Amino acid sequence: MVTPDIGVGLRTLVYFVASTLDGFIAAPDGSFDFLPLEPDVAPYLVSDWPQTLPTFAHAQLGVPSPPTGRFDAVLMGRATYEPALTVGVTSPYAHLEQYVFSRSLDPADHPDVSVVTGEPGAFVRELKTRPGGDIWLCGGGNLAGQLLDEIDELVVKLNPVVAGSGIPLVDRGFDPRRFTLTATRPFDSGVVVLRYAR
């Protein structure tokens, strides 16, 4: 990680997401049940990335309460937040400060999260300067596209699946960016966790 200028916080934005081999994080309708949590990957997530597991699954997965780790905030687009809402979960990551980017959600109707209606890049640049831990970008592809310039680390749970179409890992115009591979973690299920730094 590059040390920022004096006066700027040390928080980093980490895009941690599951993806198919052909670069999709969800089906065209936003569903992602074709990317299950593999039994051999679950213990790794519990030990290394417990804060990326939804609060309602902690007891089932054996995640300590509250989980400790590098994150204290999570960013989601409206489409990423929607599946939780449809099953009545208004605070999917209650152990983190939750920010949902949406111009259609009424903040008064969603008191368990902070609804952000402004420009994502400006918001994240300001959030990085506040005291706190690192920030997890949960998804989705459209929000990742808008925040690509702010992503400091990319962690991809690469699944041995080809989807053909769907929501891309990063949804934006053609604009190649290079990241540096820093770690790999393969699993017998065929999942490989790839870590990249800007």
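Quick look at the numbers
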item	result
Any pair with Cβ under 7 angstrom, 6 or more apart, that starts in the range 145-172 at a residue that is farther than 22 Å from ALA27 by Cβ and of a type in the set (Val, Ile, Thr) and ends at one that is at pLDDT 95 or above and open to solvent by less than 40 Å² (accessible area, probe 1.4 Å)	ILE151/LEU13; ILE151/TYR15; ILE151/LEU137
Only one of ASP29, ASP72, ASP40, ASP112 that is under 19 Å from ALA144 (Cβ atoms), among the charged types (D, E, K, R) and not in a helix (DSSP H, G or I)	ASP29
Listing of strands (runs of 3 or more DSSP E) fully contained in the range 124-187 that carry 1 or more residues being buried (at least 19 other Cβ atoms within 10 Å of the Cβ)	134-139, 153-158
The range 97-111, residues that are under 24 Å from ALA57 (Cβ atoms), of a type outside the set (Gly, Ala, Ser) and surrounded by 13 or more Cβ atoms within 10 Å (Cβ to Cβ)	GLU97, GLN98, TYR99, VAL100, PHE101, LEU105, HIS110
Any hit, the range 30-48, residues being out of contact with any His (no Cβ under 6 Å at 6 or more places or on another chain), of a type in the set (D, E, K, R), under 30 Å from SER165 (Cα atoms) and open to solvent by less than 60 Å² (accessible area, probe 1.4 Å)	yes
Conditions (1) of a type outside the set (Lys, Arg); (2) within 22 Å of ILE167 (Cβ to Cβ); (3) crowded, with 16+ Cβ neighbours inside 10 Å: number failed by PHE71	(2)
Residue match in the range 81-96 (condition: among the hydroxyl-bearing types (Ser, Thr, Tyr), in a loop (DSSP other than H, G, I, E, B) and open to solvent by 80 Å² or more (accessible area, probe 1.4 Å))	no
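For (1) modelled with pLDDT under 95; (2) of a type outside the set (Ser, Thr, Tyr), each residue gets a yes or a no:
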residue: GLN98; (1), (2): no, yes
residue: LEU105; (1), (2): yes, yes
residue: VAL115; (1), (2): no, yes
residue: GLY121; (1), (2): no, yes
residue: VAL124; (1), (2): no, yes
residue: LEU127; (1), (2): no, yes
residue: TRP136; (1), (2): no, yes
residue: GLY166; (1), (2): no, yes
residue: THR182; (1), (2): no, no
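The values are calculated or read from the model by the stated rules, or taken from the named source; none is laboratory data. All of these numbers come straight from a predicted model, not from anything done at the bench. As a convention, Cβ positions derive from the backbone with ideal geometry for all residues, glycine included, and neighbour counts pool all protein chains shown. Remember, those area values only see protein heavy atoms, side chains included, never the ligands or the DNA or RNA. Shrake-Rupley method; radii C 1.70, N 1.55, O 1.52, S 1.80 Å.
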